[in-house]
Amino acid sequence: MNKFFVILLLLSTLLSCSDNNLVFNGSNLTEVKLDSHFELVSHKGEKKTIKDFKGKVVAIFFGFASCPDICPTTMVELKNIKLKLGDNSNQLEVLFISLDPERDTPELLGQFIPSFDSTFIGLTGTIENIEKIAQQFKVYRKKVIQGDSYTIDHSSGIYLLDKNGEIRVRHSYGSDITLIVEDIEKLI
């Protein structure tokens with residue numbers, strides 16, 4: 001009987017150490033089990049999948065390079081988040097996934113992305129690739145015609161993935177970056 005309680009205590013201790021029990025500041029998506037897999041092209045012309053970032057915490061933001069406000073603001077916030085991580089900054093990978101593959105070529109992203117941080121990676125693909133990954137992450141995306149041009153209406157938030165590539169947390173646009181940093185540190 002004593003052995004039973006010792007084993008039960010040991011099991012409950014092990015389960016309580018699981019990172020599935022972490023309390024996040026952002027919306028916890030752990031139990032939703034969203035699909036994080038993709039195959040896109042980086043701003044350096046390299047094919048990338050989520051598996052390329054295994055072992056690092058990944059922050060993903062969906063946007064487009066000609067966005068006038070939310071996208072560049074979020075990219076600056078991601079730069080500041082990385083700075084606040086200090087010595088842990090090398091354990092965070094920041095990915096910008098374009099919602100405008102018609103205009104956001106690897107060459108254009110090659111100019112846009114490094115203007116925020118040279119370690120950030122811009123990703124693009126076919127419209128089918130982008131629509132698929134947007135659906136996987138539950139990102140709203142709509143092309144809106146404006147005269148001779150267009151813009152992209154989209155939801156905005158920062159997704160945090162753990163070191164195994166699982167989507168764990170979403171922070172809405174305008175979230176306090178200190179809270180985002182705390183969540184990243186929990187995943188590190």
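Quick note: the coordinates plus some simple rules give every number you see, no bench work behind them. Just so it is clear, the model here is predicted, and its values are computed rather than measured. As a convention, Cβ positions derive from the backbone with ideal geometry for all residues, glycine included, and neighbour counts pool all protein chains shown.
GNM remark for the chain: springs join alpha carbons under 10 Å apart, and the peak mean-square fluctuation among I70, I158, I167 falls on I70. With 0.36 nm allotted per residue and the present C-alpha distance subtracted, the T178-E39 stretch has 46.9 nm of extension available. When the chain is treated as a GNM with alpha-carbon contacts under 10 Å, the residue of K82, K142, K56 showing the greatest mean-square fluctuation is K142. If the label point is 7 Å along Cα→Cβ of S118, which residues in the range 25-54 have backbone nitrogen under 16 Å from it? Only 44 fall inside the zone, counting backbone N under 16 Å. Of I50, I81, I145, which is the most mobile in a GNM of the chain whose springs link Cα atoms less than 10 angstrom apart? Highest fluctuation among the options: I145.
In summary, the lysines within cross-link reach of K132, defined as a Cα separation below 23 angstrom excluding same-chain residues under 8 places away, comprise K33, K44, K47, K48, K51, K54, K142, K143, K163. Given R0 = 35 Å, the distance between the Cβ atoms of D148 and V76 translates into a calculated FRET efficiency of 0.75. Maximal additional length on extending the T105-N88 stretch stands at 3.0 nm, based on 0.36 nm per residue less the C-alpha distance. Here the range 82-188 was treated as a single set of alpha-carbon atoms; its pair distances binned every 10 Å from 0 give 12, 40, 37, 10, 1 percent.
Evaluated at q = 0.12 Å⁻¹, a Debye calculation over the C-alpha positions of the chain (equal weights, vacuum) places log10 I(q)/I(0) at -0.58.
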